[in-house]
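The values are calculated or read from the model by the stated rules, or taken from the named source; none is laboratory data. No experiment lies behind these values; they were computed from the predicted model shown. Here the Cβ is made from the backbone with ideal geometry for all residues, glycine too, and neighbour counts use every protein chain on show. We work out accessible area using only protein heavy atoms, side chains counted, and drop any ligands, DNA or RNA first. Shrake-Rupley method; radii C 1.70, N 1.55, O 1.52, S 1.80 Å.
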Amino acid sequence: MKKVLRVLQSMRFANLLLGLVALLCALSSLLPQGRGLPYYAENYPDAYLLIYRTHFYDVFKSWYFILLLGLLCLSLLLCTLRMLRKAMAGGKKELERAAALPNAEHLAPGQLEELRRYMASIRCKEEKRGESYLFHKNGFGRWGGMSFLTRSICG
């Protein structure tokens, strides 16, 4: 069961499913969809039985297309949940790691106030962890394309 779940959570599997859906969409554009069997028997006499048996006359309502879309949705949902769980756990670890930096800078009280004003002007949040002051911005950025900014300054 764990192997099946691991496969469903992988982006490689989601990309494969997306490719199959795109291939079916492209192939279905070669044949008019939603017509009756007499239309296909008249216009495609050599292939109308194959078209009918494979439901290629109405691909978007066929069981295999709906199954592919369902699997794609499930795969993307599981992949998203896995990545969200990693991102949420990663943010806490980043803050702890930043608070424990050995080469943090020591500032005079006036410099610390100046830094606080500057960081507030660019909308950074301040957090004190032990002896360290952490200024961070864009906490959701690690979940997307924007970078996660963390600075550690000891007071």
Exercise for the section: At a 1.4 Å probe radius, which order do 86, 137 fall into by accessible area, largest first? Expected result: 86, 137
Exercise for the section: Please list the non-local residues whose amide H lies under 5 Å from the amide H of residue 133, H modeled 1.01 Å from N, same-chain partners needing a gap of 5 or more. Expected result: 153, 154, 155
Problem - Kirkwood Rh and Cα Rg combined as Rg over Rh, evaluated for the stretch 24-81 - result: 1.15
Problem - Candidate residues 51, 66, 122: accessible-area rank, largest first, probe 1.4 Å - result: 66, 122, 51
Fill in the blank from the handout: Checked against a 31 Å limit on the C-alpha separation, the offending pairs among 86/128; 2/137; 61/86 are 2/137; 61/86
Completion exercise
Taking a probe of 1.4 Å and leaving out DNA, RNA and ligands, the stretch 1-64 shows per residue an accessible area in Å² of 75 Å²
Practice task
Quick one: accessible surface of residue 116, probe radius 1.4 Å, all protein chains present, in square angstrom to the nearest 10.
Solution key: 60 Å²
Practice task
Would you tell me the accessible area of residue 39, worked out with a 1.4 angstrom probe on the heavy atoms of the protein chains, in Å² to the nearest 10?
Solution key: 70 Å²
Practice task
Measure off 7 Å from each Cα along the Cα-to-Cβ vector at residue 10 and residue 58, then give the distance between these two points in nanometres to one decimal.
Solution key: 3.6 nm
Practice task
Per residue of the stretch 7-21, in order, report the coupling 6.51 cos²θ - 1.76 cosθ + 1.60 (Karplus, θ = phi - 60°) as ³J(HN,Hα) in whole Hz, putting x for Gly and Pro.
Solution key: 5, 5, 7, 7, 5, 4, 5, 4, 5, 4, 4, 4, x, 5, 5
Handout entry: Probe 1.4 Å - accessible area at residue 73, Å² to nearest ten
Key = 90 Å²
Exercise for the section: Report the calculated FRET efficiency for residue 112 and residue 88 (r = Cβ-Cβ distance, R0 = 41 Å), to the nearest 0.05. Expected result: 0.85
